[in-house]
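Trainee: Questions regarding the structure given below will be posed in turn.
The values are calculated or read from the model by the stated rules, or taken from the named source; none is laboratory data. Worth saying up front: this structure is predicted, and the values here are computed from it rather than measured. Glycine also receives a Cβ, built like all others from the backbone with ideal geometry; neighbour counts cover every protein chain displayed. In case anyone asks, the SASA skips ligands and DNA or RNA and just uses the protein heavy atoms, side chains included. Shrake-Rupley method; radii C 1.70, N 1.55, O 1.52, S 1.80 Å.
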Amino acid sequence: LVFQAVFNVLIPDHAADAFSPPRSGPRGLWDALLERLLGGLGRWDAEHFLFIAERGYLLEHNCAFLPLFPLGLRLLAALLPCPVPLQPRSRLLLAAALLNALLAVLAAAALLALGRAVLRRPGQAFLAALLFSLSPAGVFMAAAYSESAFAALAFGAMWQLEKGRGWLSGLLFALAAGARANGLVNAGFVLYSSIKSFVLQLQGTAASPRELPVLWKQALGLVCSAALVCATIFLPFALFQYYAYVRFCQPSTGLAQSVPEALLQLARDKGYRVAGVGEDKPPWCSQRFPLVYSYIQDAYWNVGFLRYFELRQIPNFLLALPVTLLCSWAAWTYVSANPRHCLTLGLERSKDKERGKARDGFCGPAAFVYVVHSTALLVFGFFCMHVQVLTRFLGSSSPILYWFSAHLLLEHEPLLWSTGTDNPASGKPPLGKSQSSCGKGTSDNPVVRLLLNWRSITPLSKSILGFFLAYWLLGLVLHCNFLPWT
C-alpha cells in the first residue's frame, strides 16, 4: 500500500485506452486525499468493479465481471463508519483496500492449511505460503480486483475437500464461481474426489454377487451427491447469466431515465451498450444458450483460440514466459517422478509393500489433481486468453506455482537445509543455521534468510526469488499508473 501510493505520486498516469467512467460528483478534500493514497488500487479492471459496486450492471461489458466481489465492496462500504464526507467511489476504494487486505491474509492461511494437508511437509507448506505473500500477482491481490477473494475461497474449498467436508467445500467452490468464471473448473475437484473414493473402495474389497446391489447403491449415492455439489457450484454463474438476460434482453423498464447524461455520452463515444437504452436486442439474446459472458469475451476483447498469436503481442508473451515455464516445469517434474500414477489417473491402490514408501511433498501422489488443474488452466490461458493475464490467473487459482517453487528451493538451496523440517530428497545432510546481523528470528523465515544471503544462494534460488520480487515490484510501478500490467 505504501509503495503504490509513492509510485502513484511520483509517476504520472499513462493515458491508457481503458474503461474510465465519469465521476458521480465534485471531489472534496478528503476524496482527493484518498485518491492520492489509494488511487493506484483503482486502475484497469478495478474501474469495472468499483463502477459495478456503485451503479450496478448498467453497461453490457461490465457483465464480464461476476458479482460476488462488487457485492462485498458495496456491503462493506455501507457498513464503514465514516466521520468525513466521501464520494461513493472513494468509500468503495477504501473498502476495497481493507477487504482485500483481509482476504489476502485468509488466502495465505488457507494455502498454508491446504499445503499441510496435501504435501504433509509443514516446512514446504510454510515456505509456499510465504511465497504467496510475495506473489508475482501481488498488486492484483491488493487492488480492487477479485483475485484475493477467489484465492481465499478456492484454497479454502480445496482444504475442506481434503478434510472430507464435501458440502462445505462445494459451498466455498460455489462462492468462488460467483467471483470468477474459472471457478467453474473447480467442479473437477469434487468429481475426481468422488470417483477416486469409489474406485479405491472397489479395489480394496473382493465383492461377491450378493454385495453388488450394495455397491450399486453406493455408486448411485456418490453420483447423486457429486451431481448436487457440482450443480451448486454452477448455480451462481447460471443465475447471473439469467440476470443479465433479463436486464439486457427484456423490454425496457425505464432504466435509462436514471442514467447520467455523461455516462450515456461515454457509451455513445465508446460503443458501450446501456441497459434499458435502445430497442435493438444484443446478438447474444437470440442464441440458443444466451451467455453474456462468452459474448463479451468475444466481441469486446477478442478472446478466443489462437487469436492472441500475433507479432505485436510478443512483449505480452514474454511477460507470461516465467509463469509458463515454471508451471510447465512443475507438470514435467511431477509426471517424470510418477509416470504410473499419472497413467492410472491416481486411481490405482498402492500395493501393501509400497504404502509405507509413498512420497510426501510436491511429488507425492496427493498433489496429482492439483497438477492436472494447473496444467489445464495453463494450456487454456496460453492458447485462448490474453496471455499477459496468466500470472494473476494462475497465481490466484492454483497452489502449484507456490508449491513447486518451494519444492525447488528446498531441494536445491543448501542454505535452507538447516531448517530440519523437510529433508531434501537428495539426502544431503543439513547445514548449520545461517548467521545474520538482523537478530535471532531471521532464520525462522526462510525467504528473509535467502534475501539476506543473496550473494551466496544458488542461481536457481536467485531466479525464483527474482521472478517473484521483480513482478511484485513491477506490478506496483506499472499497474498503479495505467501502464500495461493487467
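Trainee: Assigned to a helix (DSSP H, G or I), open to solvent by 20 Å² or more (accessible area, probe 1.4 Å) and more than 23 Å from TYR300 (Cα to Cα): does that describe LEU94?
Mentor: The answer is yes for LEU94.
Trainee: If you don't mind, another one. Would you check which residues across region 113-167 are outside any helix (DSSP H, G or I) and in contact (Cβ under 8 Å) with a residue 12 or more places away in the chain and list them? Explain how you work it out, then say what you get.
Mentor: Within region 113-167, the first condition is being outside any helix (DSSP H, G or I), and the residues that meet it are 120-121, 134-137, 143-146, 163-165.
Residues satisfying the conditions are ARG120, ARG121, LEU134, SER135, PRO136, ALA137, ALA143, ALA144, TYR145, SER146, LYS163.
Trainee: Can you find even one residue in region 106-116 that is closer than 22 Å to LEU416 by Cα, of a type outside the set (A, V, I, L, M, F, W, C), modelled with pLDDT of 95 or more and open to solvent by less than 10 Å² (accessible area, probe 1.4 Å)?
Mentor: yes
Trainee: If you go through region 186-207 one residue at a time, do you hit one that is part of a helix (DSSP H, G or I), under 30 Å from GLY42 (Cα atoms) and either at pLDDT below 95 or within 21 Å of the chain's Cα centre (by Cα) (or both)?
Mentor: Going residue by residue through region 186-207, those that are part of a helix (DSSP H, G or I) are 186-204.
Still in the running and under 30 Å from GLY42 (Cα atoms): 186.
Next, from what is left, pick out any that are either at pLDDT below 95 or within 21 Å of the chain's Cα centre (by Cα) (or both): 186.
Among the residues of region 186-207, at least one is part of a helix (DSSP H, G or I), under 30 Å from GLY42 (Cα atoms) and either at pLDDT below 95 or within 21 Å of the chain's Cα centre (by Cα) (or both), which makes the answer yes.
Trainee: Need pairs with beta-carbon distance below 9 Å; first residue over 17 Å from CYS63 (Cα atoms) and within region 222-241, second open to solvent by 70 Å² or more (accessible area, probe 1.4 Å) and among the β-branched types (Val, Ile, Thr); sequence gap 6+ or separate chains.
Mentor: Correct list of pairs: LEU222/ILE195; ALA226/ILE195.
Trainee: Go through region 121-179 residue by residue and tally those that are among the aromatic types (Phe, Trp, Tyr) and more than 15 Å from LEU99 (Cα to Cα). Quick ask: steps written out before the conclusion?
Mentor: Initial filter on region 121-179 (among the aromatic types (Phe, Trp, Tyr)): 126, 132, 140, 145, 150, 155, 159, 167, 173.
If we keep only those that are more than 15 Å from LEU99 (Cα to Cα) too, we end up with 126, 132, 155, 159, 167, 173.
Looking only at that region, the number is 6.
Trainee: OK, next. Is it fair to say ALA231 is open to solvent by less than 80 Å² (accessible area, probe 1.4 Å) and at pLDDT 85 or above?
Mentor: Values: open to solvent by less than 80 Å² (accessible area, probe 1.4 Å): yes; at pLDDT 85 or above: yes.
Spelling it out, ALA231 is indeed open to solvent by less than 80 Å² (accessible area, probe 1.4 Å) and at pLDDT 85 or above.
Trainee: If you check ARG55, ARG36, which single one turns out to be among the basic types (Lys, Arg) and more than 14 Å from PRO260 (Cα to Cα)?
Mentor: Working: ARG55 fails: more than 14 Å from PRO260 (Cα to Cα).
The match here is ARG36.
Trainee: Within region 266-276, identify whether any single residue is within 20 Å of the chain's Cα centre (by Cα) and open to solvent by 50 Å² or more (accessible area, probe 1.4 Å), and answer yes or no.
Mentor: The first filter runs over region 266-276 and keeps only residues within 20 Å of the chain's Cα centre (by Cα), leaving none.
Looking through region 266-276, none of the residues is within 20 Å of the chain's Cα centre (by Cα) and open to solvent by 50 Å² or more (accessible area, probe 1.4 Å).
Trainee: Any residue in region 168-182 that is surrounded by 23 or more Cβ atoms within 10 Å (Cβ to Cβ), more than 12 Å from the chain's Cα centre (by Cα) and not in a helix (DSSP H, G or I)?
Mentor: Looking for residues that are surrounded by 23 or more Cβ atoms within 10 Å (Cβ to Cβ), more than 12 Å from the chain's Cα centre (by Cα) and not in a helix (DSSP H, G or I), one finds at least one in region 168-182, hence yes.
Trainee: Also, I was wondering about something else. Name the residues in region 287-338 that are in a loop (DSSP other than H, G, I, E, B) and surrounded by 13 or more Cβ atoms within 10 Å (Cβ to Cβ), would you?
Mentor: Applying the first criterion (in a loop (DSSP other than H, G, I, E, B)) to region 287-338 yields 287-291, 300-310, 338.
Within region 287-338, PRO290, LEU291, TYR300, TRP301, VAL303, GLY304, ARG307, TYR308, ASN338 meet the criteria.
Trainee: Sticking with this one: Kindly indicate whether SER20 is assigned to a helix (DSSP H, G or I), in contact with an Asp or Glu (Cβ under 7 Å, 6 or more places away or on another chain) and of a type in the set (S, T, N, Q). Steps first, please.
Mentor: Numbers: assigned to a helix (DSSP H, G or I): no; in contact with an Asp or Glu (Cβ under 7 Å, 6 or more places away or on another chain): yes; of a type in the set (S, T, N, Q): yes.
So SER20 does not fit the description; no.
Trainee: Which residues, taken from region 40-71, are open to solvent by 20 Å² or more (accessible area, probe 1.4 Å), in a helix (DSSP H, G or I) and more than 22 Å from CYS480 (Cα to Cα)?
Mentor: Those that are open to solvent by 20 Å² or more (accessible area, probe 1.4 Å), in a helix (DSSP H, G or I) and more than 22 Å from CYS480 (Cα to Cα): ARG55, LEU68, LEU71.
Matching residues to (1) part of a helix (DSSP H, G or I); (2) touching a helix residue (DSSP H, G or I) at 6+ places or on another chain (Cβ under 7 Å); (3) modelled with pLDDT of 95 or more:
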{"residue": "THR375", "(1), (2), (3)": "yes, yes, yes"}
{"residue": "PHE380", "(1), (2), (3)": "yes, no, yes"}
{"residue": "GLN388", "(1), (2), (3)": "yes, yes, no"}
{"residue": "LEU401", "(1), (2), (3)": "yes, yes, yes"}
{"residue": "PHE404", "(1), (2), (3)": "yes, yes, yes"}
{"residue": "LEU408", "(1), (2), (3)": "yes, yes, yes"}
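Trainee: Filter region 410-445 down to the residues that are modelled with pLDDT under 50, out of contact with any helix residue (DSSP H, G or I) (no Cβ under 8 Å at 6 or more places or on another chain) and at negative phi, then identify the one that is least open to solvent (accessible area, probe 1.4 Å).
Mentor: Result: GLY441.
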